[in-house]
Each structure stands twice: as C-alpha cells, then as structure tokens.
Amino acid sequence: MASAFLRRGRRPLGVSKPGSTGSLTRRMITVAALWIIVLLVGGGIALDRVLTSAMTRNFDAQLDYVLTALIASAEIGPDGEAYLNRPPADQRFLEPYSGLYFQISGQGYEPFRSRSLWDRDLKVAGVHSDYDIHTYDSREFPDEMLRVVERDARLPGSPVRWRFQVAQNREELDEQIAVLRRTLVRSFGALGLGLIVLAALQAIYGLWPLRRVRREIAAIRSGDQSRIEERFPREIAPLTLELNELLEHNETQAEEARRHAGNLAHALKTPLTVITNAASAESSDLPETVVREAATMRRQVDHHLARARAIGRRSNAQARSDVWPSLEAVAGAVDRLYPEVTIDLTGDKQAAVRVERQDLDEMLGNLIENAAKYGGGRVFVTVTTTAECVEIEVEDDGKGIPEAQRQSIFDRGARLDIEKPGTGLGLAIVRDVAEIYGGSVRLEESEDLGGLLARLKLPLCA
C-alpha cells in the first residue's frame with residue numbers, strides 16, 4: 001500500500017509534508033537586485049556630483065576669463081571714471097537682456113555697465129573686501145538665475161577700489177546638467193536592469209542542478225531507477241554521493257531485515273514441525289519435546305532480536321560509549337553471579353567506542369560471563385586504544401578452547417560444556433553485534449593465564 005502511494009506521487013496518511021521557507025532563487029535575485037540598486041544609486045550620485053562640479057567649474061572658468069579681460073582693458077578717464085579701452089569680443093554684451101552682462105562699480109561713481117543690462121544694475125554687496133575672485137548664484141533679476149563672478153581691483157591712477165562683475169544666465173548650464181542627469185539615470189537604469197537580469201539568469205542557471213537532483217530523487221521514488229546516475233557539478237556531487245550511500249545503507253538494512261526474518265522463520269520452522277508431529281502422534285514424551293523445542297526457539301528469537309536491535313542502533317551516527325563505566329558495571333554484575341571469581345580491570349580508562357551502550361554492555365557481559373563461568377576463578381580484562389580502534393582483551397585461567405574448535409564455537413547454540421547452564425548464543429551474539437558496528441572478535445590462547453583470550457575490536461570514537 002505504501003509503495004503504491006509513492007508510485008502515484010502521493011503521501012501516506014500521517015506523513016506530513018515539510019514546510020517551505022521560500023524560494024532560494026528569489027532570495028538570491030532579491031539580494032543581488034538590492035545590492036545592485038544600492039551600488040548604482042550611490043555611484044550615480046557620486047558621478048553626478050563630480051560631473052556637475054566639473055561643468056560648473058568650466059562655466060565659471062569662462063566667466064573668470066572674461067572678468068580678467070575686463071580688468072586688463074579697464075582704464076581711468078579724465079573725470080576719474082573707469083572705462084574700457086577696447087570693447088569685449090562677445091557680441092552678447094551689446095544685446096539687451098542677452099543673458100551675459102558685466103558691470104564696473106566704484107564708490108562715488110556711476111557704474112559702467114554693458115548694454116545688455118539696459119536699464120538694470122547688478123547688485124554690489126559688501127560681504128567681502130578683498131581682491132580674491134568670488135563666484136555665486138544670484139536671483140536679483142526675477143526672470144533669470146545668474147551665475148556671478150566678481151573681483152575687486154585698483155586701477156592705475158585711481159585711489160578707488162573698483163568692483164568688476166561678470167554675470168551670465170544659468171539656463172545654459174542648468175540645461176547641460178539636466179541632460180547629463182537624464183543620461184546618467186537612463187544609463188544606470190539600463191545597466192541596473194541588465195545586471196538584475198544577469199543575476200537572475202545566474203541564480204536560475206546556478207541552481208538548475210538542484211532541480212535535476214529533485215527529478216533524480218523523484219525517479220528513484222517512483223521506481224524508475226535505484227541510484228542518482230546523472231553527473232553533477234563538483235559542488236553538488238558530494239550531496240548526490242551521500243544520497244547514493246544513504247540509499248545503499250537503507251537497502252542494506254532492508255536486506256538484512258529480510259534475511260533475518262527469513263532466517264528466523266527457517267529456524268522456527270523445524271521446532272514447530274517437531275512439536276506439531278509429536279502432538280499429532282500423541283507422543284508420550286510430548287511435554288519434554290515441547291520444552292526442548294521451545295528452548296531452541298527461544299534461543300533463536302533472542303539471537304535475532306539482539307541483531308535487530310544492534311542494526312537499528314547502528315544507524316545513529318552519534319553513537320558513543322565510554323568503555324570503562326560499562327566494564328565496571330558488567331564486572332559488578334558478574335561478580336554477584338560468581339562471587340568466587342576474581343575480575344581484574346586494567347588499561348585505558350578514557351577509551352570510547354562508536355557503539356551504543358546497551359550493545360557494548362551485551363558484548364562485554366557475554367565475554368566476561370563466559371570467562372567467569374568456564375574459567376578457573378580469575379578473569380583479566382585489558383583495554384588498549386590504538387590509532388584505529390579500541391581492543392578489549394578478556395582472559396581467563398580455564399582450560400581454554402582447542403584452536404580447531406575456536407571458529408565453530410561462534411555458531412548459534414554451540415556449547416563445549418553442556419553441563420553448565422546456557423543457551424550457546426553468547427559468542428554468536430558478540431560476533432554478530434561487533435560485525436554490525438564494523439568491529440570483530442577473535443579467540444586466542446592467553447599467554448599470562450593459560451586459558452582463553454577473547455580479543456574484541458571496536459571502532460574508536462574520537
């Protein structure tokens with residue numbers, strides 16, 4: 001049923017769709033657009049000021065040139081008044097209200113004006129009394145905004161301070177500035193629009209591989225393919241590699257679950273058949289048969305449950321257990337069961353393994369309990385940390401196990417001493433759980449105690 005839902009692109013009941021925090025493409029385009037606008041506006045304002053100042057300085061330089069020419073051609077007449085020994089070259093000084101004017105003023109004398117002023121005078125303000133050039137805007141004429149350049153000078157043969165003024169209508173300058181600003185606005189607007197479009201294309205093109213990843217995952221979910229097969233840029237390739245490894249991991253776990261279920265079913269089938277046959281035949285030893293076969297089934301169930309728990313916990317990437325507290329807890333429990341046995345612990349007390357605590361306790365418990373049960377009264381446990389793993393050696397002073405039988409003892413239900421209680425699953429569980437976490441267990445001969453040495457290797461947790 002669940003697979004049918006997935007194939008049709010639907011979600012099973014109870015599976016909520018994760019919420020969205022907005023479009024990543026829209027975020028990138030918005031941020032780029034805002035930054036482009038800020039830069040262009042700031043750059044446009046700065047450029048406008050620079051160019052406007054340059055045009056104004058050029059305009060003022062022309063007026064200053066005319067002012068200098070007036071001063072150079074000015075003389076004092078017989079009656080003490082200032083006049084020009086040669087007329088200005090610009091004909092606009094002769095045309096009434098032409099927009100270009102000059103005026104020479106001195107205290108006690110009538111101003112000498114250009115004909116373009118006609119019946120008007122330029123204002124002479126007393127805000128300064130030096131011989132430097134002064135430039136300013138003036139609205140003294142109601143229909144004209146004037147740009148005025150003025151300077152005081154003393155002419156030869158006259159004690160009067162004469163003020164020379166040249167004024168020109170700002171209309172031409174303002175028109176040039178307006179044209180400049182329109183050009184800047186249009187140019188920067190077109191540039192900004194082009195940059196925003198470029199940023200949008202870059203964001204869409206740059207994020208397009210993620211849409212391809214989505215299509216690949218959808219194809220995997222629908223069953224059309226089992227892995228992400230398409231090649232992607234190097235920035236996204238690690239993501240697809242991790243996804244493929246995750247899919248492989250899930251498939252491995254699913255296959256292990258199916259295999260364990262099949263193994264358990266197969267293991268339970270024979271005892272159930274024996275019980276059924278004995279019951280059908282009304283066998284006289286039916287109670288003993290039921291008890292014996294039930295014990296067999298219990299061993300199988302315990303074994304497969306231990307493996308299933310270990311496989312489920314292995315998926316936790318944050319698994320971490322300190323070895324020493326687990327050893328102390330297990331040794332205390334075994335000491336209560338076998339008070340006549342001496343258990344010594346030594347080695348690295350800071351060692352930590354990438355194993356869940358329950359699984360670590362189960363492996364150590366089986367090894368130490370076996371050593372206490374089958375040994376001669378002494379158990380020695382050593383913890384060693386290497387560059388790659390943590391080694392835990394459990395030694396006893398018992399009879400040991402012949403080398404030829406050390407491998408077969410890991411089989412489920414295998415027991416060398418059938419007179420002592422047990423299910424024969426301890427070492428099998430230790431081996432299976434250790435292998436699930438990427439570790440191993442090996443049986444050797446103890447050089448110090450003369451009995452059995454179980455060497456358990458587990459992955460190191462940094």
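Put a plus charge on the Cβ of each Lys and Arg, a minus charge on the Cβ of each Asp and Glu, and nothing anywhere else: the dipole of the chain about its Cα centre is then about 1840 debye.
Placing a pseudo-label 7 Å from each Cα along the Cα-to-Cβ vector at Ala54 and Leu39 gives an inter-label distance of 2.2 nm. Computed from point charges on the beta carbon alone (+1 for Lys and Arg, -1 for Asp and Glu), the dipole magnitude for segment 166-290 about its Cα centre is near 720 Debye.
Could you check how many percent of all C-alpha pairs in segment 75-170 are farther apart than 21 Å?
Values: 1430 of 4560 pairs.
Here the long-distance tail beyond 21 Å is 31 percent of all Cα pairs in segment 75-170.
Helix 24-73 and the longest principal axis of the Cα set of the chain meet at an angle near 20°. Compared with the dominant Cα axis of the chain, that is its longest principal axis, helix 426-436 is turned about 20°. The distance linking segment 216-247 with segment 134-208 is 61 Å (Cα centroid to Cα centroid, whole angstrom). Note the angle between two axes, namely the Cα long axis of helix 171-222 and the longest principal axis of the Cα atoms of the chain, as a number of degrees from 0 to 90, rounded to the nearest 10. Roughly 10 degrees, rounded to the nearest 10.
If you plug the beta carbon distance of Ser187 and Trp208 into 1/(1 + (r/R0)^6) with R0 = 45 Å, you get a FRET efficiency near 0.90. With the simple spin-label model, which puts each label point 7 Å out from Cα in the Cβ direction, the Asp174 to Trp118 separation comes to 2.0 nm. Each other residue within a Cβ distance under 12 Å of Val291 adds +1 if Lys or Arg and -1 if Asp or Glu, for a net charge of -1. Calculated FRET efficiency, Glu110 to Leu24, Cβ-Cβ distance, R0 = 56 Å: about 0.10 to the nearest 0.05.
Each reported figure results from applying straightforward, stated rules to the coordinates on display, with no laboratory input. Note that this is a predicted model, so its numbers are computed, not measured. Cβ atoms come from the backbone with ideal geometry, glycine included; neighbour counts cover every protein chain shown.
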